[in-house]
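A.B. asks: My questions will all concern the structure given below.
The values are calculated or read from the model by the stated rules, or taken from the named source; none is laboratory data. Treat the numbers as computed from the prediction; the structure is a model and nothing was measured. Note: accessible area is taken over every heavy atom of the protein model, side chains too, but ligands, DNA and RNA are not part of it. Shrake-Rupley method; radii C 1.70, N 1.55, O 1.52, S 1.80 Å.
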Amino acid sequence: RVEGAVATHQDPWQRLESMLATHIAMIVEPTAYARVILRILPDDAPAVADALLALRNRYELIFRNLLTALPLSDAVDAKLLRLLLIGAANHVHVWHDPGGAEPKAIAREQVRMVEGSTLDRHGGGQT
């Protein structure tokens, strides 16, 4: 789902927002998928550890590639930014109210919060 959502955009910030919105939507859905991805670590399920690790690594690569495309300042630690964003997205299920903000609105706000503070202001980044 994430790859399909990201593919519909050219702008790197929109691609990140789309990825986060799709991720958050999957996280807040009351499905077994969300419970497995959030709560089952590869070490907790030896029989499927390799498959889970491969799935997570592939997902991480998508996220890394999205961040690499952003016009980030050299002062920004892209790894820390990635961990911050994915950690925040993964935690939405704890506080999300099904009648509250939609995943798209949450993702839009996450991106808005980091976009202005992470831009390469001297390299032609947006303000």
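A.B. asks: Can you list which of the DSSP-assigned H helices in the chain have a Cα extent of 18 Å or more along the long axis and an average Kyte-Doolittle score of at least -1.0? Provide the component values of the computation, followed by the final result.
C.D. replies: Details: long enough: 12-28 (24 Å, 0.56); 49-68 (28 Å, 0.30); 78-95 (26 Å, 0.98); 103-118 (22 Å, -0.53).
In the chain, the long hydrophobic H runs are 12-28, 49-68, 78-95, 103-118.
A.B. asks: Would you mind working out the accessible area per residue for the chain, using a 1.4 Å probe, and quoting it in Å²?
C.D. replies: Working: 7800 Å² over 127 residues.
Per-residue value: 61 Å².
A.B. asks: Let me ask something else about it. Determine the shape class of segment 63-114: with a ≥ b ≥ c the square roots of the Cα gyration tensor eigenvalues, call it rounded for a/c under 1.5, and otherwise prolate if a/b is greater than b/c, oblate otherwise.
C.D. replies: Prolate, since a/c reaches 1.5 and a/b exceeds b/c.
A.B. asks: For Leu72, enumerate residues with amide H under 5 Å from its amide H, sequence gap 5+ or separate chain, H modeled in the peptide plane.
C.D. replies: HN-HN under 5 Å from Leu72: Asp120.
A.B. asks: Please give the solvent-accessible surface of Ile24 in Å², to the nearest 10, using a probe radius of 1.4 Å with every protein chain present.
C.D. replies: Ile24 has an accessible surface of roughly 0 Å² with all protein chains in place.
A.B. asks: Additional query: Among (1) 1.11; (2) 1.18; (3) 0.96, only one was calculated for this model; which label is it, if the read-out is Cα Rg over 2.2 N^0.38 Å?
C.D. replies: Calculated Cα Rg over 2.2 N^0.38 Å: the matching label is (1).
A.B. asks: Right, something else. Would you work out what percent of the accessible area of the chain, with all protein chains in place, is carbon or sulfur (probe 1.4 Å)? Let's see the in-between values first.
C.D. replies: Values: 4440 of 7800 Å².
With neighbouring chains kept in place, the figure for the chain is 57 percent.
A.B. asks: Helix-only mean residue ellipticity at 222 nm, the chain, DSSP H runs n ≥ 4 weighted -39,500 (n - 2.57), per residue, nearest 500. What is it? Write out the running numbers ahead of the final one.
C.D. replies: Details: 6 runs with 84 residues, N = 127.
Using -39500 (n - 2.57) per qualifying helix, the result is -21500 deg cm²/dmol.
A.B. asks: Between Thr68 and Ala7, 0.36 nm times their residue separation minus their Cα-Cα distance comes to what?
C.D. replies: On the way: separation 61, 0.36 × 61 = 21.96 nm, distance 1.56 nm.
Full-extension gain reported as 20.4 nm.
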